[in-house]
Each structure stands twice: as C-alpha cells, then as structure tokens.
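FYI, it's all coordinate maths here, none of it is from the lab. Since this is a predicted model, take the numbers as computed values, not measurements. Quick reminder, even Gly has a Cβ in these numbers, built from the backbone with ideal geometry, and neighbours come from all protein chains shown.
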Amino acid sequence: MTTPEESAAAAAAAAGSEPSLVVAGEYSFIVVSNRLPVDRVIDAEGNASWAGSPGGLVTALEPVMRKNEGAWIGWGGQPDLEFEPFDSDGIRVIPVPLSADEIENYYEGFSNDTLWPLYHDVIAPPSFHREWWESYVEVNQRFARAAAEAAAEGAIVWVQDYQLQLVPKMLRELRPDLTIGFFNHIPFPPYGIYSQLPWRAQIVEGLLGADVIGFQRVADASNFQRAVRRLKGYVTKGTQVEVPLVDQTPGVRVFGPIKRQGNFRTVIARAFPISIDSASFEELARSASVQERAQQIREELGNPKTVMLGVDRLDYTKGIGHRLKAYGELLAEGKLSAEDVTLVQVANPSRERVQAYMELRDEIELTVGRINGDYGTIAHSPISYQHHGFPRDEMVALYLAADVMLVTALRDGMNLVAKEYVACRFDDDGVLVLSEFAGASDELKRALLINPHDIEGLKEVILQAIGMPKRDRRARMRSLRKRVLEHDVSRWSNEFLQVLGSYAHHGSAGHELR
C-alpha cells in the first residue's frame, strides 16, 4: 500500500519540486472552514472560555463528526489568537491563527472586498489588489497544511466556502490519498463577470482539486463548469468535469487520482441546496413563552393591522434599500398608513470596517429616519429599525409576530431567513415575499416571487401580501412548510457526504462515514 508520504513525494517529484512531506494524522473526517464551530467568550471577571456556535452548519455536521472521530479546522475569530487543539462536545477543534494584517488582507480584503462583490453580480465594485491575493494564497496554504497534518490516511475532508477556494488543490498536492469535498455557500457568477478576476484560472484550479464541488443552485454549478471550459478547456458532461491527470498548462500539475478513468480524474460539480434545522425552529415556535413574546411584540408596536418583517445582515446584496423605497412610496401614495402597517427591519451589523458597509449603514439609517419623520405619528412609527442581532428565541417570536416576511435580496446564494420564517409558521399563516435572485426561490415556489429591482412590481406584491385571504395564505404556507421540513439541513449534509463518500471507496485506504 502506498503511504501518504510516498504519494506526496511522488506527486511533488512529478511536478519538478521538492516533496513537502506530511505525516498522516488521526482524524478520519475533517471540516475546514474560515471560522471554528466555537466562539471565545470573556466573562465579567475576564476569564476566557469557549461556547458552541449556533450555526446551521455546525448543527448539521456535529453528529457525523462525533461518529467519525471528526476534527474541525478554522480561525478562532480574533487576531493573533493561538491556542492548543482541544475537544468540544466530541469534536476536535484545531485552530489556524491569523495576524491582524492577514485579517485585513485575506479576510476583509480579498475575501470580502474582492470575491464577495464579484460573486454577487458586482452589485458593489470589487477591488483587485495583488497584496490581498498574496495573503489569500498564504492563508489558504496554512489551512491546507493544517488539514493535511490532521487527516488520517484516506480521510474525508470537507472544505467550506469562498474564503478557502485554493485549499482543495493545495491539500491534494500534500495528501493525494484524501477524499476532498468543497461547498460554495455563496453564488458562483456568470463567466462574463467571473472573468474580471485577475486570478480566475488559479481559483478554478484550486476548486478542481476537490472530488465533489457543491453549489447552492443549478445555475451556479453551470457557471462554474463554463468557467472550467473557457479557462482550462476541460470536458464537462452533465455534472461531471474530466480533469487530466497531467495539465497541459506549463508548470501546472493536477494531482490524484482517487476516481480515475484512463488519463482523467472525474470531479462532480452540482447543486446541493443548503437548508436549516427546521424541526428545532418549529419546536421553539410552539413553546408557550415564544408565542407569548410574539403577542407582546405586536403590542409594543401598537397593535397594527399588519406587521411586515425584514431580517438581514447589513449588506448591499440584501436589497434593504429597495424594500424601504417601495414601502416609503406606498406610504407617500396613501396606499398604506403607519397606523395600519409597521415594518420591523432587523439589520445585523456586518463587516463594519469595510468602507462600502459603513456607507451602506449611513444610507439605510438616513432613509429610515426620513420615512419615520415624514409619515410617523406620535403613536406609530412606520419602521422599527434594529441595528443589532437577537437571540434565536427572540427571532422566532418576530417570525411568529410578522404577517409578511420581506426577502428582497439582489443576489443571495440561498437565504436561510426565508426558510426559518416558513419553519416557524406552524399555524400555516403568514406570507413570504421572496426575491427570485435568492437561491431559496428555486425551492420555495409558492412564495410571492419578486424582482426587487422592479419597485412598482414590489409595491404591488406587498399590497397583494397584505390583502391576501386567509385561505390562500394557508394553502401557500402549507406547501412551503412541506418543502422546508422535508429538505432540512441534515438531509443536505447527508446527500453531499453520500456523494463524497462514494469517492472514498475508490481509494485503497478510503474511510466510509458512519
């Protein structure tokens, strides 16, 4: 049997470089993401501890990781934070430290001021800086090496999201024995937009180091395959990409294989739409305390006839300004009144050191102030604006209190808020207004689908949602809930890992997930 060290040495020698030997670790299933599944908490006395993150990805993967001696590799969330690996609820937590400069260049710079706007249809202009790219490469290499050192022989490694797109190829170079998956949580843009990226070929090569590449929508997978054809000339068939074992580009080596056909290794690139832990949201919504809080929220708002709700990160992709414009015009035209309709807008702080986000906050808060000043009364404000996050139970209470949920994203990989709202409405009531540019619109077809750029159309749909008869509301919500409850986050992770796990069986030392 060929050892990982021998495979790495052979691969490096074939590429004309010195081998970078990595000794196999002990973990058969590894998740690699920008952030760890735990948050560092400082108590009133200044003592530091770790608390589990409530994210959906963590919820989906915790059971699999416990059963399979899993390890999670990521950044601890603070600059220059170094600590030894430790166990958290049966999961090995392995840190990757980042300096303040790396956070500025790799994370805030290349990840969030280059890739994020580019992948979201250039709603805001991306910035291209070579020093950001160099930091991105260096940090991705550090993540890849941490995974290579932790992974057992033939282990399965699942890399998450756009911050780590180079890791699959880097990891395959270090450990050709591994089975590697990648999931892109945000959109992948059409080639005409993607081609603007100076490092477009390197990103594609990085992703093709994986055996399975997951996307939110069929269109995203198609966009990626077109980029592969245009930049690399590789053959794509359905969801498959045929990657030559030896790349024809001078100086580029494609390592593998785990699953090979002749002189090719086959990479799967397809849609795996992500979801939520829908059962836990419904369970919380059914609790007496949350239902009581929902009623209290309506009373605090002055018991309007209709409560509309928007819940977003304060991000230019979310279309917050578009929904405020539509609502303001309806108030100005006398089609809605502040006494009858209140909009609750939760805007979670996001990337507040990035200039575009600082400008967006100023713009949104100026608009909110103008609308409240023009159309509010002493007893009623048209908009209740909350620039902070809420704990999950408060969010569920807001979902129950809201008659209309407004999701007006200009571009969104999925938008899990839409699914959370649906999961909470065990009463089969409420209306979901959903942008067709959010990935969730592919699944939630009984929502009222809108083009948020069409302000007149958005206004008409808002009025339709407010005036919808109860019978129609119930029919739509029942259909939406069936989809969200059946296709939850566990089903998403199981489907991805089942496809990825099939690749492990082609390696002599491959692991099978339990």
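Per-structure values
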read-out	value
Burial order of peptide ranges 24-35, 289-300 (average beta-carbon count within 10 Å, highest first)	24-35, 289-300
For the stretch 178-242: rounded, prolate or oblate by the Cα gyration tensor [a/c cutoff 1.5]	rounded
Kyte-Doolittle at least -1.0, axis length at least 27 Å by Cα - qualifying DSSP helices, the chain	130-150, 355-375
Virtual paramagnetic centre 7 Å along Cα→Cβ of GLU108, amide N under 18 Å, in the stretch 154-198	163
Under 25 Å from the Cα of LYS459 - lysines, other chains or at least 8 residues apart	LYS305, LYS318, LYS325, LYS335, LYS419, LYS445, LYS470
Interchain or long-range residues, amide H under 5 Å from SER88's placed H	VAL93
Built amide H within the under 5 Å cut-off of VAL159, gap 5+	VAL32, GLY181, PHE182, PHE183
Per DSSP, loop GluC sites (Glu not before Pro) in the stretch 349-392 with at most 14 further Cβ within 10 Å	GLU352
Using a Förster distance of 45 Å, the FRET efficiency for ASP87-GLU456 (Cβ separation, nearest 0.05)	0.20
DSSP-defined beta bridges in the chain - what % are antiparallel, rounded to 5	25 percent
Shape call, the stretch 278-486: gyration tensor on alpha carbons, a/c limit 1.5	rounded
Per-residue [θ]222 nm for the chain (sum of -39500 (n - 2.57) over DSSP H runs n ≥ 4, rounded to 500)	-12000 deg cm²/dmol
Three-way shape call for the chain based on the alpha-carbon gyration tensor, with the a/c threshold at 1.5	prolate
Long-range HN-HN contacts of LYS318 with modeled amide H, under 5 Å	LEU410
